[in-house]
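Below is one structure, written out as structure tokens; the observations come after it.
Please treat every number below as a calculation from the coordinates, not as lab data. The model shown is predicted, which means the values in this text are computed figures rather than measured ones. For neighbour counting, all protein chains shown are included, and Cβ atoms are generated from backbone atoms with ideal geometry for every residue, glycine included.
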């Protein structure tokens, strides 16, 4: 027996570590009673006290005399006086990986006249210093209370079953598989005196061996997974326990032998694995539970019934979950490994706490993220929905590279407060429906993503939590598509370089040809953010003032070039006789509106924006006598705004606005060419001068003079020249003709 050298007694407060003859007699433990692997006996070397740093630390390990002592009859004696409230760390002891792999129970012997409370702490990193305050350790529960007794008691912790016995206070987790350092901490927080002896720290209990087996659950009720009697194994033969990675496992009725309608709970007492797992039982189904996880490399199939994998489930990259119609599988702790593909098949329901770090494809049925889910902004690289499948986020926060699917893409239900941040690194094209009281965000300014990716929507989306476009991304809304009715934000935040020293702005483009307008609760365009309505309309809720919308359109219009940030129109850029008209809901009502504008309901305080002819003051889609009444009234009374004839948003009605309405009116009526020929001097004949369009042109030329004529010719779609005839002479002719009319 290896002996230790004597050292002086160590003290901390009133705590001391001593050995007495009484203790030796009381313990009286023979080596024959010892378990499989002796980890620490206090007459053997190897026990180390944490924090042993010499003179700078008042706490040190006091080695005990081993003179004349045989193994098993010697113990560590710990005493603490009253009124002390702190912890004593009894020491660290090494447990080898081989011993851990072969044994499942940790034990030590204790004799105490006062009772004591232990805190077991298990380190995971063998490179850590002995002092447990260095981090990397796990503390289980609030401690284990051991009552006073005149007899020796055995402390048992089954780290495979995660149970303290006989002092099981529940809810504990087993010793981590990577642990190889064990710390036993003494908690002395009551201020009461303590007196106990401890010896013979050991491992016992063989860890069962799991087979690469084909097996079906055979017990007509609940039981332990790691029990050969509970399985009907066909490969490699009877008596095998499935649980090695290649296992093919069925939880069914065992050929009709399982008849209970109740839920069958299968408890894992060590980590288990399988290639394929199949569930096929009605009634209460199966529940896989326990403190040790299940790893599946290929597939989980639910043919019938409602089942739960309550312990940690790890699915490999490329694996699938197939749930038949009318059936379900619930997984409260899912981890998809390998950063690859993960697929849901079948028309049934798959419920999980999170789906992260994978590309997720649904080919049918429903996926539900559990309430209070643990998604926490985790990535789903690609989210593909096909065959009308439904993905219920339940309020989750998801980052997503791209959103897509087939022509029948199905539904993304954001849930209340959900946030889907998509098109982060790749373009997406989604023809399904996005619904729920959550937000859709295209791009993410927190991602260092220098890509001009986009999202195209073609479905009739009706989510209400708002839409945001950011970080140089593009949202495209097809004629059949829609965005939700919440607020729309297009901001300037971007890390995408534009090649000219700046950054690509965030944009939303509405493809031409819609049959109905868009509707948003509010609109916020910041900096270089751009909304291109093309030839479409939009209703903006009252939280955004009409003046704000006018400013955004004016900036984008840029004198008719339509080439700046704000609310713009590619169609107006291509056809200069058109633009974006803006009036309030109240103004539209005064012109005969009945509560519906471009297929969308509106209120009096809302702002209505329409792609239309320049001069269409009342937004009825035409330039008529009513619009000339509006501009004349605005001009004569000093009013402003599109509804009153300020068609270029200059802040006043001037001859420039008459130019815009006259050009549009004549183009609408097919007389624009005649007006140009007359003003330019190319054709001074009387032909066509009595048309309504020409009448307005001649009248305004006479009213405003040559400035009007120059502006008119400069604004028409084709280039013209005033070289043939000087405008002053022409204006005089028109004034005289106007008087004769």
*Modelled label-to-label distance, residue 703 and residue 387, 7 Å Cα→beta-carbon offset: nm?*
6.8
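With r defined as the distance between the Cβ atoms of residue 637 and residue 542 and R0 fixed at 41 Å, what FRET efficiency is calculated, to the nearest 0.05? Kindly include the intermediate steps, with their values, before the conclusion.
Values: r = 26 Å, r/R0 = 0.63.
Using R0 = 41 Å, I get an efficiency of 0.95.
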*For a quick protection proxy, order the peptides 582-589, 314-321, 556-563, 530-537 by their average other-Cβ count within 10 Å, most packed first.*
530-537, 582-589, 314-321, 556-563
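Subtract the Cα-Cα distance of residue 79 and residue 114 from 0.36 nm times their separation in residues, and report this length gain in nm to one decimal.
On the way: separation 35, 0.36 × 35 = 12.60 nm, distance 0.98 nm.
Taking residue 79 through residue 114 to full extension adds about 11.6 nm, to one decimal.
Suppose the chain between residue 589 and residue 257 were pulled fully straight at 0.36 nm per residue; how much longer would it get relative to their current alpha carbon spacing? Please list the in-between numbers first.
Working: separation 332, 0.36 × 332 = 119.52 nm, distance 7.47 nm.
Here the answer is 112.1 nm.
Please give the FRET efficiency for residue 429 paired with residue 371, using the beta carbon to beta carbon distance and R0 = 25 Å, rounded to the nearest 0.05.
0.25
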*Quote to one decimal, in nm, the extra length available between residue 561 and residue 229 on full extension: 0.36 nm per residue of separation minus the C-alpha distance between them.*
111.3 nm
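What FRET efficiency do you get for residue 317 and residue 596 if R0 is 41 Å and r is their Cβ-Cβ distance, rounded to the nearest 0.05? Working shown, then result.
Values: r = 51 Å, r/R0 = 1.25.
Once rounded, the FRET efficiency stands at 0.20.
Of the peptides 431-439, 511-519, how do they stack up when ordered by the mean number of other Cβ atoms within 10 Å, highest first? Present the calculation step by step, with values, prior to reporting the outcome.
Numbers: 431-439: 22.6, 511-519: 17.7.
Ranked by mean Cβ neighbours within 10 Å, highest first: 431-439, 511-519.
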*Go ahead and collect, in residue order, the members of the range 288-309 whose backbone nitrogen is under 17 Å from a label point 7 Å along the Cα-Cβ direction of residue 333.*
288-296, 308-309
